[in-house]
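The values are calculated or read from the model by the stated rules, or taken from the named source; none is laboratory data. Small disclaimer: the values here were computed from a predicted structure and weren't measured. Please note: Cβ atoms are built from the backbone with ideal geometry, for glycine as well, and neighbour counts cover all protein chains shown. Ligands, DNA and RNA are excluded from the accessible area calculation, which covers all protein heavy atoms including side chains. Shrake-Rupley method; radii C 1.70, N 1.55, O 1.52, S 1.80 Å.
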Amino acid sequence: MADHARKINRDRLLEQMTAIARFGGHALRTDDLQALLQEASALAAKGLGVTRAMILEIEFEGQSLLVRAGIGWHPGVIGKLSIGAGSRSPAGHALQTGKPVASEDLDAEARFAVPEVLREHGVKSVANVVIKGGGRPFGVLEIDSDERRRFTREDIGFLQSYANLLAAAIDRLRTSRELAAARDEAALLLRELQHRVKNNLQTITSIVRIQKTLSRNPEAQRSFETLMNRLTALSLVHKQLYIHNGARRIALNGYLEELCSNLITAGNLGADDIKLDLRLERVVVPVDIASSLGLIVNEFVTNSMQHAFPDRHGTVMVALAPVDPGKVRLVLADNGVGRSQAETAGEPVAPSGLGLQLIKSLTGQIGGTIEWTRSVEDRGTEAILTFPV
Ligand SMILES: Nc1ncnc2c1ncn2[C@@H]1O[C@H](COP(=O)(O)OP(=O)(O)O)[C@@H](O)[C@H]1O
Ligand SMILES: [Mg+2]
């Protein structure tokens with residue numbers, strides 16, 4: 001007979017351990033705290049052979065305890081009922097002392113008051129353990145028996161293992177919430193900074209515009225105009241910027257589209273008929289690559305507008321496409337008069353603006369290569385740029 005009883009005991013223990021281990025695995029993975037609390041209270045009750053259990057969460061800086069989860073209670077208890085902390089409840093007593101509290105007979109209890117909810121449900125005995133991990137305690141796990149019962153040291157140990165697993169899961173969720181908040185904060189700061197950079201660029205652009213208006217010299221005016229376009233290309237980058245996994249990235253296609261449309265619209269004066277042919281596939285790049293490419297495209301399109309079409313009629317084409325994995329090709333072309341033979345052959349040219357030099361050095365900066373392919377004979381100018389991403 002004693003053997004039989006021992007075997008039952010052993011089987012029950014084994015069952016309890018298995019349930020705890022399974023719960024522990026789950027607690028490490030899930031992000032759903034409510035479901036976890038619910039599951040813990042149900043498993044703890046089942047493991048100890050009672051029908052009621054609750055998890056109480058500390059609220060209002062420890063003033064009271066909210067029934068966060070549980071089983072065996074009438075409607076209006078879980079998520080709604082809040083009981084006094086301190087000595088006005090067994091759970092409060094456990095929190096105050098920081099130790100498990102078991103009460104075999106609530107009617108004879110002198111250490112704390114018995115909450116109305118326990119009386120209503122006919123609870124006779126309770127056991128409470130504190131749910132506390134590395135930080136401040138979360139609350140209490142309580143087991144409620146409708147029959148008078150003495151909870152053993154093993155019972156309390158069993159309850160405490162659930163509370164500890166819960167505490168670990170709660171700590172983990174708290175930490176990941178705090179990390180997410182910190183990340184949001186950093187992203188916000190970055191956006192703010194971006195905003196300021198953009199505003200500063202816009203302010204500088206306005207100053208240059210005023211200088212241009214004030215200047216009488218046509219050559220100076222043209223220089224100011226060129227500078228304005230370059231500044232605009234840069235400030236457009238900041239407009240299109242978004243933050244992805246903490247990195248500042250840009251959809252190049254959207255950015256180049258806006259940039260080119262602006263340039264063509266501004267360059268088409270009166271009866272001019274210069275068209276834009278955009279063939280842009282989606283390519284996402286870090287912000288510094290985008291700024292360099294923006295300036296390159298700006299110089300090319302500006303040159304087309306300024307030099308390629310003496311009769312003010314033609315098309316500028318910009319094509320962007322990923323090629324081999326990790327490589328992107330940008331084709332810039334116009335069907336205008338073409339650059340002189342001398343220039344395409346790479347010979348020194350008469351002193352001019354910075355445009356072609358900028359294109360060359362910026363291409364080098366992003367680790368790309370550029371090939372100028374068309375000459376005067378087959379009309380127009382074409383540059384094929386390949387760069388790594
Ligand atoms: N798309 C083009 N079509 C015709 N000529 C061009 C084109 N791009 C550049 N050029 C020639 O190359 C010269 C150098 O261009 P660039 O370095 O941008 O200086 P800038 O535009 O200030 O003259 C231009 O003056 C022009 O003669
Ligand atoms: Mg130029």
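Which residues, taken from segment 124-155, are part of a helix (DSSP H, G or I) and either basic (Lys, Arg) or in contact with a strand residue (DSSP E or B) (Cβ under 6 Å, 6 or more places away or on another chain) (or both)? Reasoning before the result, please.
Applying the first criterion (part of a helix (DSSP H, G or I)) to segment 124-155 yields 153-155.
153 - this is the single residue of segment 124-155 that is part of a helix (DSSP H, G or I) and either basic (Lys, Arg) or in contact with a strand residue (DSSP E or B) (Cβ under 6 Å, 6 or more places away or on another chain) (or both).
Here's the yes/no breakdown for (1) open to solvent by 20 Å² or more (accessible area, probe 1.4 Å); (2) touching a Cys at 6+ places or on another chain (Cβ under 6 Å); (3) within 16 Å of ligand 2 (Cβ to nearest atom); (4) at pLDDT 95 or above:
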{"residue": "324", "(1), (2), (3), (4)": "yes, no, no, no"}
{"residue": "331", "(1), (2), (3), (4)": "yes, no, no, yes"}
{"residue": "343", "(1), (2), (3), (4)": "yes, no, yes, no"}
{"residue": "357", "(1), (2), (3), (4)": "yes, no, yes, no"}
{"residue": "364", "(1), (2), (3), (4)": "yes, no, no, yes"}
{"residue": "387", "(1), (2), (3), (4)": "no, no, no, yes"}
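When the residues of segment 215-261 are filtered to those that are at pLDDT 90 or above and acidic (Asp, Glu), the one that is nearest to residue 321 (Cα to Cα) is 257. Residue 224 satisfies every condition listed in (1) open to solvent by 30 Å² or more (accessible area, probe 1.4 Å); (2) within 25 Å of residue 138 (Cβ to Cβ); (3) aromatic (Phe, Trp, Tyr) except (2).
Does any residue of segment 269-280 turn out to be touching a His at 6+ places or on another chain (Cβ under 7 Å) and surrounded by fewer than 20 Cβ atoms within 10 Å (Cβ to Cβ)? Scanning segment 269-280, I find at least one residue that is touching a His at 6+ places or on another chain (Cβ under 7 Å) and surrounded by fewer than 20 Cβ atoms within 10 Å (Cβ to Cβ), so the answer is yes. One residue stands out among those in segment 94-112 that are surrounded by fewer than 18 Cβ atoms within 10 Å (Cβ to Cβ) and among the aliphatic types (A, V, I, L, M): the one that is nearest to residue 64 (Cα to Cα), which is 110.
Considering only residues that are closer than 21 Å to residue 329 by Cα and modelled with pLDDT under 90, look in segment 366-385 and name the one that is nearest to the chain's Cα centre (by Cα). Full working, then the answer.
Pass one, segment 366-385, residues closer than 21 Å to residue 329 by Cα: 366-375, 380-385.
Filter again for modelled with pLDDT under 90, leaving 373-375.
Values: 373: 43, 374: 46, 375: 49 Å.
Filtering first and then ranking leaves 373.
Candidates 316, 323: the one that is farther than 30 Å from residue 180 by Cβ and within 16 Å of ligand 1 (Cβ to nearest atom) is 316.
Taking the stated definitions as given, is residue 91 open to solvent by 30 Å² or more (accessible area, probe 1.4 Å), closer than 24 Å to residue 38 by Cβ and outside any loop (DSSP other than H, G, I, E, B)? No. Taking segment 246-334 as the region of interest, the strands (runs of 3 or more DSSP E) fully inside it that hold 3 or more residues being over 27 Å from the mean Cα position of the chain (by Cα) and of a type in the set (A, V, I, L, M) are 273-280, 313-322, 327-334.
Any chance segment 116-123 includes a residue that's charged (D, E, K, R), surrounded by fewer than 24 Cβ atoms within 10 Å (Cβ to Cβ) and in a loop (DSSP other than H, G, I, E, B)? For segment 116-123, residues charged (D, E, K, R), surrounded by fewer than 24 Cβ atoms within 10 Å (Cβ to Cβ) and in a loop (DSSP other than H, G, I, E, B): absent.
Looking only at residues in segment 292-322 that are over 25 Å from residue 282 (Cα atoms) and more than 16 Å from ligand 2 (Cβ to nearest atom), which one is surrounded by the fewest Cβ atoms within 10 Å (Cβ to Cβ)? First the steps, then the outcome.
Applying the first criterion (over 25 Å from residue 282 (Cα atoms)) to segment 292-322 yields 303, 305-314.
Next, only the ones that are more than 16 Å from ligand 2 (Cβ to nearest atom) stay: 311-314.
Details: 311: 9, 312: 14, 313: 13, 314: 20.
So the residue we want is 311.
Taken over segment 170-198, the residue count meeting the criterion of being over 14 Å from the mean Cα position of the chain (by Cα) and open to solvent by 60 Å² or more (accessible area, probe 1.4 Å) is 6.
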